[in-house]
1. Which of the residue pairs Lys155/Lys214; Lys45/Lys129; Lys78/Lys217; Lys70/Lys173 have a Cα-Cα distance greater than 22 Å in the structure shown?
2. Treating only the Cα positions of the chain as identical point scatterers, give the base-10 log of I(q)/I(0) from the Debye formula at each q in 0.07, 0.16 Å⁻¹.
3. Which net charge results when you count Lys and Arg as +1 and Asp and Glu as -1 among the other residues whose beta-carbon is under 14 Å from that of Gln110?
4. If you place +1 on the Cβ of every Lys and Arg, -1 on the Cβ of every Asp and Glu, and leave all else neutral, what size is the dipole of the chain about its Cα centre, to the nearest 20 Debye?
5. Given the Cα-Cα distance of Gln232 and Leu133 and 0.36 nm per residue of separation, how much length would full extension add, in nm?
6. Classify the stretch 154-216: rounded, prolate or oblate, from the alpha-carbon gyration tensor (a ≥ b ≥ c, eigenvalue square roots; a/c under 1.5 rounded; otherwise prolate if a/b is larger than b/c)?
7. Taking a ≥ b ≥ c as the square roots of the eigenvalues of the Cα gyration tensor of the stretch 75-146, is the shape rounded (a/c under 1.5), prolate (a/b larger than b/c) or oblate?
8. Take the Cα pairs of the stretch 12-90, get the Kirkwood Rh, then feed it into Stokes-Einstein at 10 °C and 1.306 mPa s and tell me D in µm²/s.
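Where a number appears in this text, it was derived from the coordinates with a stated rule and is not lab data. It should be emphasised that the depicted structure is a prediction, and the values quoted were computed from it without experimental measurement. No Cβ is skipped: glycine too gets one built from the backbone with ideal geometry, and neighbour counts run over all protein chains shown.
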Amino acid sequence: MTTQSTVKKGKFLYEGKAKKFYEAQEADLGIFEYTDRATAFNAKKVGQIHDKGAVNNQVSAKLFSVLEGKGIPTHFVKLLSDREMLVRRVEIIPLEVTIRNRVAGGMARQFGIEEGRRLKQPVYELHYKSDPLDDPLMNEDHALGLGLATEPELKTIRELSFQVNAALQEFFKARQLELIDFKLEFGRHKGQVLLADEISPDTMRLWQFGTEEKMDKDRFRRDLGKVEDAYQTVLTRVLND
Ligand code: 5GP
């Protein structure tokens, strides 16, 4: 259990699919409140996962701290409570970056390949961040042509994403979990590109080493049961140093 916040939430700014965002006292900071709301297939399926907000807040905080320790700049400032974290405010770059170590989900569907196939090297994907369009795949030329990001920003995003993959693969391997794939978002803050949003079982696929049991949001997406148990197990292992 973390201590409760002494930082007061300011004006409510917006609500995403699983988080609410508030102003903080300092103008360039904000507060995320993680909720138990669960969505899948771009909110075509909606539900609740008991205590998911607390799990994802604390998992994200720990992973952002680990990544900061490896020199990767993130928006994370500090945990405020079980469900709240203080972050640097960013202008989100409307790209969803995916790195895949094994074939699953969207890639299995897109190319008609069986889930679980090991890739000869990690696959880096850019998606246009758009719920109505189901986050379509795009390449760097699309992003440049549409003015979504600059060439130096795209170079930084790619380099940081591979660094995140290496760091998180090692981190989870030590906790008997295999990092199959994950999604990242980046934002601009005072001229710097920062890793933003969240890194949690909502945004990663994690499989138990040995059994390949799914320990992430696929349990909710695919009605596999024991969703809460999987989230709690991931939290316990992530907090175990
Ligand atoms: P896929 O493209 O296979 O559906 O997703 C690849 C990885 O990125 C998975 O770990 C998935 O959880 C994450 N991901 C991709 N898009 C989204 C999204 O819009 N929201 C969330 N929460 N995760 C996503």
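1. Working: Lys155/Lys214 32 Å; Lys45/Lys129 18 Å; Lys78/Lys217 25 Å; Lys70/Lys173 17 Å.
Cα-Cα > 22 Å for Lys155/Lys214; Lys78/Lys217; rest within.
2. The computed values of log10 I(q)/I(0) come out as -0.22, -1.28.
3. -3
4. Working: 38 positive and 38 negative charges, 55 e Å.
I would put it at about 260 debye.
5. Values: separation 99, 0.36 × 99 = 35.64 nm, distance 3.23 nm.
Contour length minus Cα-Cα distance gives 32.4 nm.
6. Judged from the Cα gyration tensor, the stretch 154-216 comes out prolate (a/c at least 1.5, a/b above b/c).
7. Numbers: a/c = 2.36, a/b = 1.48, b/c = 1.59.
It is oblate, given that a/c is not under 1.5 and a/b is not larger than b/c.
8. 120 µm²/s
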